[in-house]
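Worksheet: the structure to be examined is printed underneath.
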Amino acid sequence: MSVSQDIVATYKGPRKVFARRLAMGLHEDRLLAILMAGCALAFIAQMPVRAREAHLTGQELNMLLGGSLLALLFMAPLLLYVLAFLAHGFARMFGGSGGSAQARLALFWAFLAASPLMLLNGLVAGFIGSGFELTLVGGLWFLLFLWFWISGMAQSYWGIK
């Protein structure tokens, strides 16, 4: 299946898609591609927000986008690798038997699979601004991200189907 079909299928059954992704093999180049695709979509989601900020404050849009680019395409991957390492240690502490590459796949795939709501969150923040709507969409994105991540971790470390 293509990545976009897998993202849609993740909303129906995250463990089934995660099992298929695990069966494809845990190659670091694939893991990095999934992570960078998620970070690129996170950067795209920030564009309306930065355009709104530039319009309201009079700051230069290119500078704001450059800061977001640096944060999301260079710093965020490093932080997500650290978070995956901590999740691996946490899972091993509680009797999990998976490897660190499985923890990376679970986190990176959850981040990419939740990206449609991340894009919606960026649109809401850019066009409506802060308020109940932004909180609702952001909370929904976070809950879906956690659901996908926990599902992947549970399957890879404890074999929960």
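Nothing in this text is a laboratory measurement; each read-out follows from the coordinates by a stated rule. What you are looking at is a predicted structure, and each value in this text was computed from that prediction instead of being measured. Please note: Cβ atoms are built from the backbone with ideal geometry, for glycine as well, and neighbour counts cover all protein chains shown.
The table below lists the values:
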read-out	value
For the chain, projected area of the alpha-carbon convex hull averaged over all directions, nm²	9.7 nm²
Net dipole in debye of the chain [+1 Lys, Arg Cβ; -1 Asp, Glu Cβ; about Cα centre; nearest 20]	620 debye
Cβ-based net charge around TRP109, under 12 Å, with every Lys or Arg adding one and every Asp or Glu removing one	+4
10 Å-binned pair-distance histogram of the stretch 62-101 (Cα, whole percent)	29, 32, 21, 14, 4
Percent RCO, i.e. relative contact order, over the stretch 1-121, from Cα pairs under 8 Å lying at least 6 residues apart	38 percent
Ranked packing of 84-95, 56-67, 33-44, most packed first, by mean Cβ within 10 Å	33-44, 84-95, 56-67
Spin-label model distance (nm) - LEU73 vs LEU120, 7 Å beyond Cα toward Cβ	2.7 nm
TRP158 paired with THR57, simple spin-label distance in nm, labels 7 Å along Cα-to-beta-carbon	4.3 nm
Anisotropy class of the stretch 1-96 from Cα gyration tensor, a/c 1.5 cut	prolate
